[in-house]
Amino acid sequence: MSKRCIIVGASHAAAQLAPALRQAGWEGEILVVGDEPYLPYHRPPLSKTFLSGAKSVEDLFIRPAAFYEKNRVEFRTGRVTAINRAEKTLELKSGGASGEESVETLNYDKLALCTGSRVRKISIPGVELEGVHYLRDIQDVEGMKSGVAEGKQALIVGGGYIGLETASALRKLGMQVTVLEMAPRILQRVAAPELSNFYTRIHTEEGVNIHTNVSVSSIVGDTQVKGVCCTDGREYPADLVVIGVGIVPNVELAEAAGLAVDNGILVDEYCATSDSDIVAAGDCTNHFNEIYGVRLRLESVPNASEQGKVAASSLCGVSKAYNSLPWFWSDQYDLKLQIAGLSQGYDQVFIRGDISQSRSFAAFYFKQGKLISADCVNRPQEFMLSKKLISQGLEIAPERLVDESIPVKLLLPV
């Protein structure tokens, strides 16, 4: 009989895992179950080109429908509510034509959890008003579009990358934008002070008002949002409010099924869970990174794609260890930030370029004399150099990195 692999979650990881299964030799059925009525799609453009109307829903698709048909990958829309590991079955709830929910049981031989993450929600008065939005999926942005208009007031709650990318997009669409961040600086959780200061300068130059050390206490309005009140008594007018205060991994399904969970679904270097017939990949996983010698849960497209490949190999009985350098990017205005590695724990930072005046530089983070990470703004060559240096554990003198008289291609140790 033909074996069936079910992939739960139509995410970036699923979009990579499904075709990788075929490439790894899986001959049986592949079924992807997602809770949105779309094929897997790119999420980074949501707050940018999709919000502006430059891209359609179809433009966001990671791969076209014909690709999945050719690879015999089937999609179902619904919500998996339970896993029975002993019986190797799933409970799937899906909406019927007349609106009622139907429940069915699906059998699997192998299972892949690509459940991703969801927005972290806040509980304050007024959060349910019209014009208040989170930004995670297509429906979120479709809901925002009607409130976007030149000259209107947009207020962003949260000064992380999502909040700043949204601020950039709305500013380019002609809105007046204010960012409220409860920490002492924007990007505090994910970036060094040097990068926070840089982006504060850039957004200020672009006309965005940034306020730090500010906590939102309520959102005001009748049915439509009119403004935001803060704990210090200040009020800010708003026609549109976007809340971006982080994401939460979707681990409840795995946890209820008895899989090992700790800030993500625990997987080994082969993306295997504590059940030999179940793998996991993407934002929902917690894995060991050999380069840094620690367990990590990464919220990034590259990680989801790489883990998808590794998980597919594991399901086909081929052990290919995951050992990729974490990397990320962020697009704001005319800036492309590319991040190589993780800077946590650094003890020195060295800057190549003018971080205080220009829009192009690279910041190199060292720990005990070793390069561990780099933030590169409009510096693709430095980004590629950093990835190679960190991945291969190559030593380099900081003085050479910051010396712009030395071309990047000559910086690699010989």
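The values are calculated or read from the model by the stated rules, or taken from the named source; none is laboratory data. Only a predicted model underlies this, so the values are computations on that prediction, with no experimental measurement involved. Don't worry about glycine lacking a Cβ; one is built from the backbone with ideal geometry, like all the others, and counts go over all protein chains shown. Heads up: the accessible areas ignore ligands, DNA and RNA and are worked out on the full protein's heavy atoms, side chains in. Shrake-Rupley method; radii C 1.70, N 1.55, O 1.52, S 1.80 Å.
Each residue in segment 152-186 was checked for being surrounded by 18 or more Cβ atoms within 10 Å (Cβ to Cβ), touching a Phe, Trp or Tyr at 6+ places or on another chain (Cβ under 9 Å) and farther than 16 Å from Ala238 by Cα, and 5 of them qualify. Total residues in segment 74-112 satisfying the condition of being farther than 18 Å from Pro37 by Cβ, surrounded by 13 or more Cβ atoms within 10 Å (Cβ to Cβ) and at pLDDT below 95: the figure is 0. Just one of the listed residues (Val208, Val214) is crowded, with 18+ Cβ neighbours inside 10 Å, more than 30 Å from Gly293 (Cα to Cα) and either acidic (Asp, Glu) or in contact with an Asp or Glu (Cβ under 7 Å, 6 or more places away or on another chain) (or both), namely Val214. Of the residues making up segment 272-292, not a single one is surrounded by fewer than 22 Cβ atoms within 10 Å (Cβ to Cβ), assigned to a loop (DSSP other than H, G, I, E, B), touching a helix residue (DSSP H, G or I) at 6+ places or on another chain (Cβ under 8 Å) and at pLDDT 95 or above. Of the set (1) assigned to a strand (DSSP E or B); (2) more than 23 Å from the chain's Cα centre (by Cα); (3) under 30 Å from Val310 (Cα atoms), all apply to Ser102 but (3).
Listed by position, the strands (runs of 3 or more DSSP E) inside segment 307-414 whose residues that are not hydrophobic (A, V, I, L, M, F, W, C) number at least 3 are 327-332, 335-341, 348-353, 370-377. Which condition breaks for Leu337 when tested against (1) open to solvent by less than 10 Å² (accessible area, probe 1.4 Å); (2) touching a Lys or Arg at 6+ places or on another chain (Cβ under 9 Å); (3) under 26 Å from Glu194 (Cα atoms)? In the conditions (1) open to solvent by less than 10 Å² (accessible area, probe 1.4 Å); (2) touching a Lys or Arg at 6+ places or on another chain (Cβ under 9 Å); (3) under 26 Å from Glu194 (Cα atoms), Leu337 misses (2) alone.
Taking the numbered list (1) closer than 22 Å to Met384 by Cβ; (2) under 19 Å from the mean Cα position of the chain (by Cα); (3) not small (Gly, Ala, Ser) in turn, Ile291 passes all entries but (2). For the residues Ala374, Ala321, the requirement of being within 23 Å of Pro44 (Cα to Cα) and either open to solvent by less than 50 Å² (accessible area, probe 1.4 Å) or small (Gly, Ala, Ser) (or both) singles out Ala374.
Quick one: which of Val261, Val190, Val228 is in contact with an Asp or Glu (Cβ under 9 Å, 6 or more places away or on another chain), without any contact (Cβ under 8 Å) to a residue 40 or more places away in the chain and either farther than 30 Å from Phe350 by Cβ or surrounded by 15 or more Cβ atoms within 10 Å (Cβ to Cβ) (or both)?
Going through Val261, Val190, Val228 in turn, the sole match is Val261.
Screening Leu342 on (1) within 27 Å of Leu46 (Cα to Cα); (2) open to solvent by less than 60 Å² (accessible area, probe 1.4 Å); (3) among the aliphatic types (A, V, I, L, M); (4) touching a helix residue (DSSP H, G or I) at 6+ places or on another chain (Cβ under 9 Å) shows it passes everything except condition (4). Selection of segment 234-257 for residues being among the aliphatic types (A, V, I, L, M), open to solvent by 20 Å² or more (accessible area, probe 1.4 Å) and assigned to a helix (DSSP H, G or I) yields Leu253, Ala256.
Matching residues to (1) in contact (Cβ under 8 Å) with a residue 40 or more places away in the chain; (2) over 23 Å from Lys172 (Cα atoms); (3) open to solvent by 60 Å² or more (accessible area, probe 1.4 Å):
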residue	(1), (2), (3)
Gln16	yes, yes, no
Leu46	yes, no, no
Val57	yes, no, no
Ile62	yes, yes, no
Ala66	no, yes, yes
Arg72	yes, yes, yes
